[in-house]
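What follows is a short report on a single structure.
The values are calculated or read from the model by the stated rules, or taken from the named source; none is laboratory data. Note that this is a predicted model, so its numbers are computed, not measured. Cβ coordinates were reconstructed from backbone atoms using ideal geometry, including for glycine residues, and neighbour counts include every protein chain displayed.
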Amino acid sequence: MSINKEKRRLKIRKSIRSKISGTKERPRVSVFKSNKAIYSQIIDDLSGSTLVSCSSVDIKKFGKNNIESSKEVGVKLAEKAKKKGIKKVLFDRGGYVYHGKIKSFAEGAREGGLIF
């Protein structure tokens, strides 16, 4: 990843975070992807706590950061959220383009029962 590309993503991420803030009633779903894994959290920004988290490491797909594993992470996160009583969330794509792995994650979370 070039320096300019990373700066651009961080600028977009900062812009998104200035507009989105999770509450206890409607927490924020944050997504981060690395070269080997995809990580996601449901965060209550008012209390500064992570309510639920899931990653491709949890579902034994570490090192396989592909579209299928991203979708599985989304479904698993939604299942954990439903157990905690969370249904409606705000989606924070973390400055990434809504395409490929991020889109697949979002579709998996929607299939799992999250509304955003």
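Among the residues that make up the stretch 79-93, is at least one of them small (Gly, Ala, Ser) and under 11 Å from the mean Cα position of the chain (by Cα)? Within the stretch 79-93, not a single residue is small (Gly, Ala, Ser) and under 11 Å from the mean Cα position of the chain (by Cα). Residue 49 - would you say it is exposed (fewer than 15 other Cβ atoms within 10 Å of the Cβ) and not basic (Lys, Arg)? Yes; evaluated as a whole, the condition is true for this residue.
Residue under question is residue 98, and the condition is that it be exposed (fewer than 15 other Cβ atoms within 10 Å of the Cβ) and of a type outside the set (Asp, Glu); does it hold?
Against the criterion (exposed (fewer than 15 other Cβ atoms within 10 Å of the Cβ) and of a type outside the set (Asp, Glu)), residue 98 qualifies.
Is at least one residue of the stretch 1-15 under 19 Å from residue 100 (Cα atoms), in contact with a Gly (Cβ under 9 Å, 6 or more places away or on another chain) and buried (at least 18 other Cβ atoms within 10 Å of the Cβ)? Checked against the condition, which is being under 19 Å from residue 100 (Cα atoms), in contact with a Gly (Cβ under 9 Å, 6 or more places away or on another chain) and buried (at least 18 other Cβ atoms within 10 Å of the Cβ), the stretch 1-15 yields no hits at all.
Please enumerate the residues belonging to the stretch 71-91 that are touching a helix residue (DSSP H, G or I) at 6+ places or on another chain (Cβ under 7 Å) and not in a helix (DSSP H, G or I). Residue satisfying the conditions is 91 alone. For the structure I just gave you, tell me whether residue 63 is in contact with a helix residue (DSSP H, G or I) (Cβ under 7 Å, 6 or more places away or on another chain), at pLDDT below 95 and on the phi > 0 side of the Ramachandran plot. Criteria not met by residue 63. Scanning the stretch 20-70 for residues that are under 19 Å from residue 89 (Cα atoms), more than 14 Å from the chain's Cα centre (by Cα) and either free of Cβ contacts under 8 Å to residues at least 24 places away in the same chain or not in a loop (DSSP other than H, G, I, E, B) (or both) yields 23, 24, 47, 48, 49.
With respect to the conditions (1) charged (D, E, K, R); (2) within 11 Å of the chain's Cα centre (by Cα); (3) modelled with pLDDT of 95 or more, residue 110 falls short on a single one, namely (2).
Taking the criterion of being basic (Lys, Arg), surrounded by fewer than 19 Cβ atoms within 10 Å (Cβ to Cβ) and more than 22 Å from residue 24 (Cβ to Cβ), would at least one residue in the stretch 69-81 satisfy it? Walk me through it before giving the result.
Of the stretch 69-81, the ones basic (Lys, Arg) are 71, 76, 80.
Then drop every residue that is not surrounded by fewer than 19 Cβ atoms within 10 Å (Cβ to Cβ), which leaves 80.
Pick out the ones that are also more than 22 Å from residue 24 (Cβ to Cβ) and you get none.
For the stretch 69-81, residues basic (Lys, Arg), surrounded by fewer than 19 Cβ atoms within 10 Å (Cβ to Cβ) and more than 22 Å from residue 24 (Cβ to Cβ): absent.
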